[in-house]
Amino acid sequence: MRYVILGKTGLEISEVGFGCIPIIRLSTAEAVLVLRRAYDRGITLFDTANMYLDSEEKIGLAFVGMRSRLVLATKTLKRDRAGAEADIDLSLQRMRTDYIDLFQIHQLSMESDYQAVTGPDGALEAILRAKQAGKIRHIGVTSHSIEMAVKLVKTGLFSTVQFPFNFIESKPAEELHPAARQEKMGILAMKPFGGGALDNGELCFKFLRQFPDVIPLPGFDALEQVDQIVSLYEIENAVLPEDLAAMDGYRTELGQHFCRRCEYCQPCEQGVMITAAMNYPLVARRMSDSKAAGLAQKSMESVRNCTECGECVERCPYDLPIPETLKKHLALYEQHSGA
Ligand code: SF4
Ligand code: SF4
């Protein structure tokens, strides 16, 4: 494992971090083991969020007495001053620390959110105040909109930017990353596995390691996963022609319009399990038709409740045609289940 400096924060971090969403689904004891294994294998950057349920608490418990050896990053979805203030204090308490190395404004993709955050009584006021008080060391931002992310980078307000980046979402390398480098910002990459759409970890990291100043944040929910990814960093990276062909194969199969499982479209008032249903074909290709239909029965049956109101489409940062896609997936499910 190499250690690098995260842009103008000056923080020294491992060249790969740990995105802490998956530890939500582990028991506390399992989560502690996975987090500690990551640390033992050299990972020092742990990125979570106030909204990731008990993830912050599990981090706090895993690293009792080790605070100075870690770089802890978390985020708030709150747009107002009072909400952000409360989230900062909650994160500190849950992670059992008196400072957060990197506090990020979470999922700043819409102009209205940007105005709320940076306007009077906005979240940024609370964050700047917390920084003055020593509760926060550096301020970052995360986004799913490339146009907004570039704009945020150019404001000069933030020290880091976090955005999805993998070989089927490689657009950030064209404009966002160069803009962030120009501002000497740290660059963090969420969704290194395409939000679960990419099942070849080795290929994902062959791509990512071509960008050594872009720090991937893979999520782990098993010790073997930690070992597998960290081991990749112990060998020289070589992207072979057959790797490029394999990446092209994924691009062709998934197209530009695939669901990243970010869940921003939820909840649906009709109870449609949107994310699961949007990803039905990905699940189905890994097993027999009947098994896939059985496994996805609950989510796919919920699609029948869709009234095509379009509310989810407005919330999806990728403008996916959700109701149409769900209809197609329902037809595939019916075919698989023999309905
Ligand atoms: S379009 Fe369908 S899935 Fe989307 S919010 Fe409306 S009812 Fe739910
Ligand atoms: S449909 Fe859009 S918002 Fe919903 S999980 Fe997929 S990518 Fe995210």
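The values are calculated or read from the model by the stated rules, or taken from the named source; none is laboratory data. No experiment lies behind these values; they were computed from the predicted model shown. Because the Cβ atoms are built from the backbone with ideal geometry, glycine has one as well, and the counts that use them run over all protein chains shown. Quick note on the areas: whole protein, heavy atoms, side chains included, nothing else; ligands and nucleic acids left out. Shrake-Rupley method; radii C 1.70, N 1.55, O 1.52, S 1.80 Å.
Scanning region 110-150 for residues that are at pLDDT 95 or above, of a type outside the set (A, V, I, L, M, F, W, C) and in a loop (DSSP other than H, G, I, E, B) gives Gly119, Pro120, Asp121, Gly134, Lys135.
Contact map, region 21-48: first residue closer than 22 Å to Gln107 by Cα, second residue among the acidic types (Asp, Glu) and at pLDDT 95 or above, Cβ cut-off under 9 Å, separation 6 or more or different chains; pairs are Ile23/Glu30; Leu45/Asp101; Thr48/Glu56. Restricting region 305-339 to residues that are open to solvent by 90 Å² or more (accessible area, probe 1.4 Å) and more than 17 Å from Gln270 (Cα to Cα) leaves a set whose member that is farthest from ligand 2 (Cβ to nearest atom) is Ala339.
Is at least one residue of region 231-242 within 21 Å of the chain's Cα centre (by Cα), more than 16 Å from ligand 2 (Cβ to nearest atom) and within 30 Å of Leu35 (Cβ to Cβ)? Yes - at least one qualifying residue is present in region 231-242.
For region 313-325, filtering for residues that are more than 6 Å from ligand 1 (Cβ to nearest atom) and over 20 Å from Ser112 (Cβ atoms) leaves 4. Among the residues making up region 219-257, those that are over 14 Å from Phe207 (Cβ atoms), touching a helix residue (DSSP H, G or I) at 6+ places or on another chain (Cβ under 7 Å) and not small (Gly, Ala, Ser) are Phe220, Asp221, Leu223, Val226, Gln228.
Being under 17 Å from Leu332 (Cα atoms) and without any contact (Cβ under 8 Å) to a residue 12 or more places away in the chain is the filter here; which residues of region 287-321 pass it? Scanning region 287-321 gives Met287, Ser288, Lys291, Glu301.
If you go through region 277-312 and keep only what is closer than 22 Å to Asn200 by Cβ and within 15 Å of ligand 1 (Cβ to nearest atom), you end up with Met278, Asn279, Tyr280. Take the conditions (1) over 21 Å from Tyr52 (Cα atoms); (2) in a helix (DSSP H, G or I); (3) open to solvent by less than 20 Å² (accessible area, probe 1.4 Å); Phe158 misses just one of them, which is (2).
Return a yes/no flag: does region 32-45 have any residue that is within 15 Å of the chain's Cα centre (by Cα), at pLDDT 95 or above and closer than 21 Å to Gly201 by Cβ.
Within region 32-45, the first condition is being within 15 Å of the chain's Cα centre (by Cα), and the residues that meet it are 45.
Still in the running and at pLDDT 95 or above: 45.
In the following step, the residues that additionally are closer than 21 Å to Gly201 by Cβ were identified as 45.
Within region 32-45 (the criterion being within 15 Å of the chain's Cα centre (by Cα), at pLDDT 95 or above and closer than 21 Å to Gly201 by Cβ), the answer is yes, since at least one residue qualifies.
Is it the case, given these coordinates, that Asp87 is touching a strand residue (DSSP E or B) at 6+ places or on another chain (Cβ under 6 Å) and over 16 Å from Phe18 (Cα atoms)? Walk me through how you get there before you give the answer.
Numbers: touching a strand residue (DSSP E or B) at 6+ places or on another chain (Cβ under 6 Å): yes; over 16 Å from Phe18 (Cα atoms): yes.
Criteria met by Asp87.
Kindly indicate whether any position in region 267-274 is out of contact with any Pro (no Cβ under 7 Å at 6 or more places or on another chain), modelled with pLDDT of 90 or more, away from ligand 2 (no atom under 16 Å from the Cβ) and not β-branched (Val, Ile, Thr). It would help to see each step written out before you state the result.
Our first condition is that a residue be out of contact with any Pro (no Cβ under 7 Å at 6 or more places or on another chain); within region 267-274, this holds for 267-274.
Next, only the ones that are modelled with pLDDT of 90 or more stay: 268-274.
Applying the additional criterion that residues be away from ligand 2 (no atom under 16 Å from the Cβ) yields none.
No, region 267-274 has no match at all.
Looking at Ala180, is it in contact with a strand residue (DSSP E or B) (Cβ under 6 Å, 6 or more places away or on another chain), surrounded by 18 or more Cβ atoms within 10 Å (Cβ to Cβ) and either part of a helix (DSSP H, G or I) or hydroxyl-bearing (Ser, Thr, Tyr) (or both)? Break it down into steps so the answer makes sense when it comes.
On the way: in contact with a strand residue (DSSP E or B) (Cβ under 6 Å, 6 or more places away or on another chain): yes; surrounded by 18 or more Cβ atoms within 10 Å (Cβ to Cβ): yes; either part of a helix (DSSP H, G or I) or hydroxyl-bearing (Ser, Thr, Tyr) (or both): yes.
Yes, satisfied.
Every residue, every condition in (1) of a type in the set (Phe, Trp, Tyr); (2) closer than 22 Å to Asp199 by Cα, yes or no:
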site	(1), (2)
Pro267	no, no
Ser290	no, yes
Cys309	no, no
Tyr318	yes, yes
